[in-house]
Amino acid sequence: MQQGTLMRKVKSKSWKKQRYFKLQEDCMTIWYQSKRTGKTESAFSISDVETVREGHQSEVLQSVAEEFPPERCFTIVFYGRRGNLDLIAGSAEEAQCWVQGLRQLIEPTSFPLTFALVSRTWIRDWFQKADKNKDGRMNFKEVQRLLKMMNVDMNEDHALRLFQDADKSESGTLEGEEFVLFYKALTQREEVLSLFQEFSEDGKKLTLLELVDFLQQEQLEDEGTEELAMELIDKYEPSETARARHVLSADGFLMYLCSPEGSIFNPQHRALWQDMSQPLCHYFISSSHNTYLIEDQIRGQSSIEGYIRALKRGCRCLEVDCWDGPNGEPMVYHGHTFTSKIPFREVVSTLGKTSWGNSSSPLPSMGTSPPSSHLQSAEGSWSCWPPAVQDPRGQGPWRCWVAQGASLSPTPQELKHKILLKGKKIGRLEDTLDEPGDEAPDVSDDDNGAEAEEERRRTKVRGTEHGSALQKDKETLAQELSDCVIYCKNVPFRGFQEARSHSRPSEISSLSEGKARKLIRDEGNEFVRHNAWQLTRIYPSGMRTESSNYSPQEMWNVGCQIVALNFQTAGMEMDLCDGLFSQNGCCGYVLKPPFMRDEETSFNPSDPSSWEGPGPITLTIQVISGQQLPKVANSKEGAIIDPLVRVEIYGVPADQAHQETKYIENNGFNPRWDETLQFQLHVPELALIRFVVEDYDKTSRNDFVGQFTLAFANIKPGYRHIHLLSKDGTSIPPSSLFVHIRITE
């Protein structure tokens, strides 16, 4: 990577300042300074960077798209709520140099490099924070200050012994490798060393056979364990000599336990592992509500950043609400409110550029209709979406054509790289497949439709139509938009019996959270059966003006596929969403359990005994220890957390539970709990497990420290690390929990 590169830092269309950007010699820090004054403006650590986007993938850079080509533009995205850094390089070559260089630093190709990089970054960051006089050395007083900063309340005599042992030069200060030695002594993992020695005959190494024993007995690996043991030694043993002898040292053992293979999350389930050839209604689909909003529902900001963030997070169902705008151009915003507005064409352009970054799965998109003249003018901008597919019947290009005789319930596999529109439609999907004139079209409405619409629908079933009323509705809906609505035609929900008698698999109904809860309470089994053959969308109550969320779990319990959440609002609800969809390649689609794909199922989440399942299982979790837990945001200087761990189970009502450990006083660095928690799960196929770390407070509500959520189906038993996430769902390395998991019937 080049150093001292002159680039433009962009904050708006009119604010573009030239700055020198330079990667420091440690390869972990970037600073930038003003070209005019030479004064250093800011610096950031590579560990603060979540990702790098190329091209015009931000609202700011899209505003200058006509002035600067995408090849010269890129965006640095930071963890948490820190704002993006939008940059314009002097040439495409310079931009690529920075983009590729940054990606190499933040996305190493192998885990051992990641582990070493995180440890090195952590050590360097703390050294710089504690080195008060910036002389590159640390005296004992500075070390004591460092321990407070690192969440450690250590006996002064013990701290002094560690300091003196590391001070090989006997200078009374630590520098360079001496501080690394001090850090390693500080981070000694006694619980891991004890486990290592339990399987090591000489207490210094694990032979190949000893490692195989550990993998079979504790990690419950039952296939190809000798090959797996060889692979782990080759991958995680730092000593070349040990690798040549096919043995694993204590350091290598720890690196394995901290690796993806040692994670509680089954690494095989990170990739696309489920059958993607089932009908769309057989999947849970990651879905957002009012995607364009990044704040509240009344006065909040509308931004294409909302779409970018949702798509990067694995969302596959977006909302685009279109309304009249100036000069005949449709605008996207929350209608009848004071939210800001963004042009429809910018939203479409953004979807075209970012829809397929993480997933090739189909992208259902929902929206209201602007007048037909506006839709016709906006239609041209859709050309930036994936190329239209020629209808084999020779009737023009469609986004998502249906061949003669094709199923009315297509699969994600068949619809890869397609964008589906949910909305009103003139006529039925079957009419599209028939010859023109075979049957007159009808016009459907959403769940807020008038009684007159329902009456037209009923008379349509009886073979009659109200011609004038139909013509009036057709005038409010552009034929071009109607033609794009294929598999997600809006229909009002009038009850499960009505839907079974008159609805089609290609139709979809939208329900408010309140209406859905009533149906769950009164007709739980019918709801599950309905969702086995037709899509249902759930949206938040209109009372959630501050963009809060409802629990998606109760909706998933009855098989609702499109459970729309406010992605901009962090909390337990979004943790559950991220936890469910972090599997299956993060494609945004998760296959429902078999008993939820059967139209004649007897399953009712309120009464698991009504379903002939395999019976309850017992989940036993031993919470052993924590490592380098972060401080609570905005805590007082010198404050040290008192951490506890709470394990929460989300699933059918009979499985909902939580238990927690005692709190450990004044130790967020390496707390030890050694407590066992046990849960009984009646429907583990629907269960989500959430691990939460909190700072105990006896006088007020506990403070959030970190969390990790995953589906029960993705749990790996044995000794496992849980790598914690922040409130925003971003990684906070190297913070983790060490646990032992057992699953018994």
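The values are calculated or read from the model by the stated rules, or taken from the named source; none is laboratory data. Since we're looking at a predicted model, the values are computed, not measured. In this analysis, Cβ positions are derived from the backbone assuming ideal geometry, glycine residues included, and neighbour counts consider all displayed protein chains. Surface areas here come from the heavy atoms of the whole protein model, side chains and all, with no ligands, DNA or RNA. Shrake-Rupley method; radii C 1.70, N 1.55, O 1.52, S 1.80 Å.
Annotations
- Sites SER551 and TYR696 - FRET efficiency at Förster radius 35 Å, r taken between beta-carbons, to 0.05: 0.90
- Solvent-accessible area assigned to carbon and sulfur over region 615-744 amounts to 46 percent, based on a 1.4 Å probe.
- Solvent-accessible heavy-atom area per residue, rounded to whole Å², over region 486-600 at 1.4 Å: 29
- Cα centroid separation, region 606-645 to region 692-745 (Å): 5
- Protein accessible area in region 190-262, 1.4 Å probe - carbon and sulfur %: 46
- For the pair GLU67 and TRP273 in one chain, pulling the backbone fully straight at 0.36 nm per residue adds 69.8 nm over the alpha carbon distance.
- With protein chains left intact and a 1.4 Å probe, residues in region 190-262 average 50 Å² of accessible area per residue.
- For region 82-93, backbone phi angles converted through the Karplus equation (6.51, -1.76, 1.60; θ = phi - 60°) give residue-by-residue couplings of 5, x, 5, 10, 9, 10, 10, 7, x, 8, 4, 5 Hz, Gly and Pro being listed as x.
- Listed peptides 158-171, 307-320, 237-250 by packing density, highest first (mean Cβ within 10 Å): 307-320, 237-250, 158-171
- Placing +1 on the Cβ of every Lys and Arg and -1 on the Cβ of every Asp and Glu, with no other charges, gives region 190-262 a dipole of roughly 360 debye about its Cα centre.
- Vicinal HN-Hα couplings computed from phi for region 500-514 (Karplus, 6.51 cos²θ - 1.76 cosθ + 1.60; Hz; Gly/Pro x): 5, 7, 10, 7, 10, x, 7, 9, 8, 10, 10, 10, 6, 4, x
- From the alpha carbon centroid of region 506-564 to that of region 285-303 is 19 Å.
- Accessible surface calculations at 1.4 Å, restricted to protein heavy atoms, place region 313-357 at 40 Å² per residue.
- Candidates per trypsin sites (Lys or Arg not before Pro) in region 664-698, loop by DSSP, up to 13 other Cβ within 10 Å: LYS698
- Apportionment of accessible area to carbon and sulfur, region 132-182, percent (1.4 Å): 47
- Of the GluC sites (Glu not before Pro) found in region 546-590, those in coil by DSSP whose Cβ has at most 12 other Cβ atoms within 10 Å are GLU546.
- Of the chymotrypsin sites (Phe, Trp or Tyr not before Pro) found in region 215-266, no site is in coil according to DSSP while having at most 12 other Cβ atoms within 10 Å of its Cβ.
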